Structures are given as structure tokens and as C-alpha cells.
1. Determine the pairs where a residue that is closer than 23 Å to Arg176 by Cβ, located within the range 204-215, has a partner that is not in a helix (DSSP H, G or I) with Cβ atoms under 6 Å apart, the partner being 6 or more residues away or on another chain.
2. Taking the criterion of being closer than 23 Å to Gln66 by Cβ and either touching a strand residue (DSSP E or B) at 6+ places or on another chain (Cβ under 6 Å) or small (Gly, Ala, Ser) (or both), would at least one residue in the range 210-225 satisfy it?
3. Exactly one of (1) surrounded by fewer than 16 Cβ atoms within 10 Å (Cβ to Cβ); (2) part of a helix (DSSP H, G or I) is unmet by Leu23. Its number?
4. Looking at the range 300-321, is at least one residue assigned to a strand (DSSP E or B), surrounded by fewer than 18 Cβ atoms within 10 Å (Cβ to Cβ), modelled with pLDDT of 95 or more and within 26 Å of the chain's Cα centre (by Cα)?
5. Looking at (1) over 20 Å from Gly290 (Cα atoms); (2) buried (at least 17 other Cβ atoms within 10 Å of the Cβ); (3) among the charged types (D, E, K, R), which is the only condition Glu339 fails?
6. Any chance you could count how many residues in the range 26-41 are among the β-branched types (Val, Ile, Thr) and either within 18 Å of Ser54 (Cα to Cα) or assigned to a strand (DSSP E or B) (or both)?
7. If a residue must be within 14 Å of Ile216 (Cα to Cα) and surrounded by fewer than 13 Cβ atoms within 10 Å (Cβ to Cβ), how many such residues does the range 249-266 contain?
8. Can we say Val150 is in a loop (DSSP other than H, G, I, E, B), aliphatic (A, V, I, L, M) and either outside the structural domain of Val385 (by TED's automatic domain parsing) or at pLDDT 95 or above (or both)?
Amino acid sequence: MRALKRLPVVVLSGMRQTGKSTLLQQEQAIAAGRVYHTLDDFASLAAARENPESLVKDAVILDEVQRCPEILMAIKRDVDGNRRPGRFLLSGSANLALLSHVSDTLAGRAAYLTLHPMTRREIGGATADAPFIAAFIQAPSLPTEKAEPVTEQEVLAGGLPPARLGPTEGLSEWFRGYVQTYVERDLRQISQITDLTAFRTLTQLAALRTGQVLVISTLARDAKLTSSTAGRYLDLLEASFLIRRLPPFLKNRSLRLIKSPKLYATDSGIASYLAGVESLEPGHDDLLRGALFETYAAQNLTALLEAHLPDAQLAYWHEQGRHEVDFVIEHKRQVVAVEVKAATRWSEGDLSGLRAFMDRTPACVAAVLAYNGRNAVQLEDKLFVIPLGSLLS
């Protein structure tokens, strides 16, 4: 973890059950020589609240630190007196960078890292080589091998280790317990929610809108909330890693660009459960089927880019009433557009958004239609059709 060599505090965040605690305790490069405390433990939590200085020592790991924000002030005071890199490793299932009182306390003192749900590469144990998307951005070319299509079960299960590595039966019950734990425990640690029913309704409505442009006023109306309350609830969902907001790509010549963010569930398995989806058979609900495949692609691309091209920016492009592209990846001065299609076949009409984007964006070096088949083809100098399985490999 290179961040330990730069700043005195490193904050590792991520959804609950992504494996943060396991990583911190079992990865020797991180755990060696460090004392581990989790604030899930009552005694450690009590010590942190009553005498935070007792836990603020060199080479310490503090897990679930969002349970005791008071300890951050003690860390700040200690760090201001000794800024040696790598002194504190903090972890939590809330995004501390999005919690204003936390980010203000640790400003200039902390590096923030995210542990995402497992990628398809990690689940398949195929991480020895660099991911295809990282190499493609540097030098666009076709994959050399046929791809294995992304299965419906992969999308329904998502990327959380217990859901992907455990038995497939009882998956719905596991997700139900996960959501209940989030609402009844995690959420109450970072905010006061007086109407849990309304919050659950908004959470389900957000899951049903995964892959769509976010219009808070419409979401608030459907949830029977004010826009300000709906906005605050969305902030909480984002701070606890249940959703992410993807910004629009605005660096081209179109004058009709939609500038609102796009809403994504962070994990396609959680989104499927909250949306009540148990099957993704073609023809059953093709709009939601496509959105959940797109969500699965988003969670994989986010994790791959952060790990291998941390300077890359991920966005989307939508020209009002005309064309759209699911993902735009900008790395340095190169731009790659990606349109995701859940079907195993594609047609010329599926390329219209990509062609429009290339026409309006001189910096675009490649445009990719990622469909769920096996064969790749280059149609033009910058236009590719590539299996989704290859794109995420």
C-alpha cells in the first residue's frame, strides 16, 4: 500500500462485507508490526470514547472508525506533532471523505482508498496480467482470445465476497440481512433518520433507477419526500457506499448536454435485491435487465481504473433527446467511449451514440460497443465491438 509511505494517515473505506477487516488483519505487508483495534468491539469503542489518546499510538490499525468520530481529533493533534508517514491506518464502512466533519479534521493529513466489491477478474482468479481496459486505453486493439459472456447469475450476485464465494442458495436471505444491518446499524452511526420507512422506500426507488440520469425532484416526488430530504438521504446512501453518482462528460462540442449526474448502485447484487429482481431472462424486463448489466460493468470498471489507472476519470455522456454513451473514460489526453449492451447480438443502430460522440469529441481515440457475446471486431479506425467479458477481463 504505497499511500502508507506518503501521508501520516491512510483511510481505507468501502461497503460493508467487501473484506476490509480481513485485508487489514491478514495481509502481511499491512498488518506486520501494527496493533489492530476494531471499534466493533465494545471495550475498544468505550476506550476510544472515554480516552481516545489511549489508542492513538504509532503503527496502529483502527477499524470501523466511523463509530467514534471523536478519536479523529486525537489523531489530528498527534499527527500535527509528528507527520511521519504511515503512522495510522483507519478503516470504515462509511466514506469518511464524504463526511464533512471527518474530511475537515483530516484535511492534508490523510490519503483515502476504497475497497470495492470484487471484480470479475478477482472472482475468477485471473489477476496476473494487467486488465484489458488499461492496455486498451493506452493502445486500442482487439482482444486476442474469445470471451466468456457475463452470466445473469453473476449480475444478480454482484461482487461482495460472501455473496460470490458462498453457496448460491439462500442469496436473497443474505441480501435481506445485509440491508437490515445497514439500515438498523450502520446508518444510525452516521446520521439520525427519523422515518426509516421513507428511507427504505427511497433506497428501493434509487435501486430501480440504477443506470439512469438522476432527477432528485422526481425521485423525491415518488418517495413522497421533499427534495431537500431526498437529497440528504442520497448523500447518506453515497457516504455508506450503497450508491455512486457518475458525473457527465462535458468536454465536447455539443450544446445540448445533460449536466446532472447518473445514478448507480455500487453493487449489482444489492441493486437486484432492492429492485426485487430474481431473474434476468431476456424479454422479462429488458430495461431493468440492461440497467443491471450496466451497473455490473460500472462497478468493475470503477475498481479496475482506480487500481490500475488511478488518474483516469469515469463519466457518462448524454445529448438531450438525441444520443448517449454509458461510459466515457478520460486518461490524460485520451478519451475512450464505452456503450454496454446486455444482449448477445448487436446491430448497426446500437452504434449511433458512439458515432455521435466520436464526431463531437476530437480527443476520442476509441469507441467500444461492449456486448455480451464472444467475438470481437474492429469496424472502423476507432470503432470497436468487443465482448463485455473481454472488456472486464
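The values are calculated or read from the model by the stated rules, or taken from the named source; none is laboratory data. What you see is a predicted model; the values in this text were computed from it and never measured. We place every Cβ from the backbone using ideal geometry, glycine too, and count neighbours over all the protein chains shown.
1. Ala206/Ile243; Ala207/Ala265; Ala207/Ala275; Leu208/Ala275; Arg209/Leu263; Thr210/Tyr264; Thr210/Ala265
2. If we filter the range 210-225 for residues that are closer than 23 Å to Gln66 by Cβ, which is where we start, we get none.
Within the range 210-225, none of the residues are closer than 23 Å to Gln66 by Cβ and either touching a strand residue (DSSP E or B) at 6+ places or on another chain (Cβ under 6 Å) or small (Gly, Ala, Ser) (or both).
3. Of (1) surrounded by fewer than 16 Cβ atoms within 10 Å (Cβ to Cβ); (2) part of a helix (DSSP H, G or I), only one is false for Leu23: (1).
4. Applying the first criterion (assigned to a strand (DSSP E or B)) to the range 300-321 yields 313-319.
Among the residues that remain, those that are also surrounded by fewer than 18 Cβ atoms within 10 Å (Cβ to Cβ) are: 313.
From what is left, the residues that are modelled with pLDDT of 95 or more are 313.
In the following step, the residues that additionally are within 26 Å of the chain's Cα centre (by Cα) were identified as 313.
Scanning the range 300-321, I find at least one residue that is assigned to a strand (DSSP E or B), surrounded by fewer than 18 Cβ atoms within 10 Å (Cβ to Cβ), modelled with pLDDT of 95 or more and within 26 Å of the chain's Cα centre (by Cα), so the answer is yes.
5. It fails just one condition, (1).
6. First, pick out the residues of the range 26-41 that are among the β-branched types (Val, Ile, Thr): 30, 35, 38.
From what is left, the residues that are either within 18 Å of Ser54 (Cα to Cα) or assigned to a strand (DSSP E or B) (or both) are 35, 38.
Summing the residues that are among the β-branched types (Val, Ile, Thr) and either within 18 Å of Ser54 (Cα to Cα) or assigned to a strand (DSSP E or B) (or both) in the range 26-41 gives 2.
7. Matching residues across the range 249-266 total 1.
8. So Val150 passes the test.
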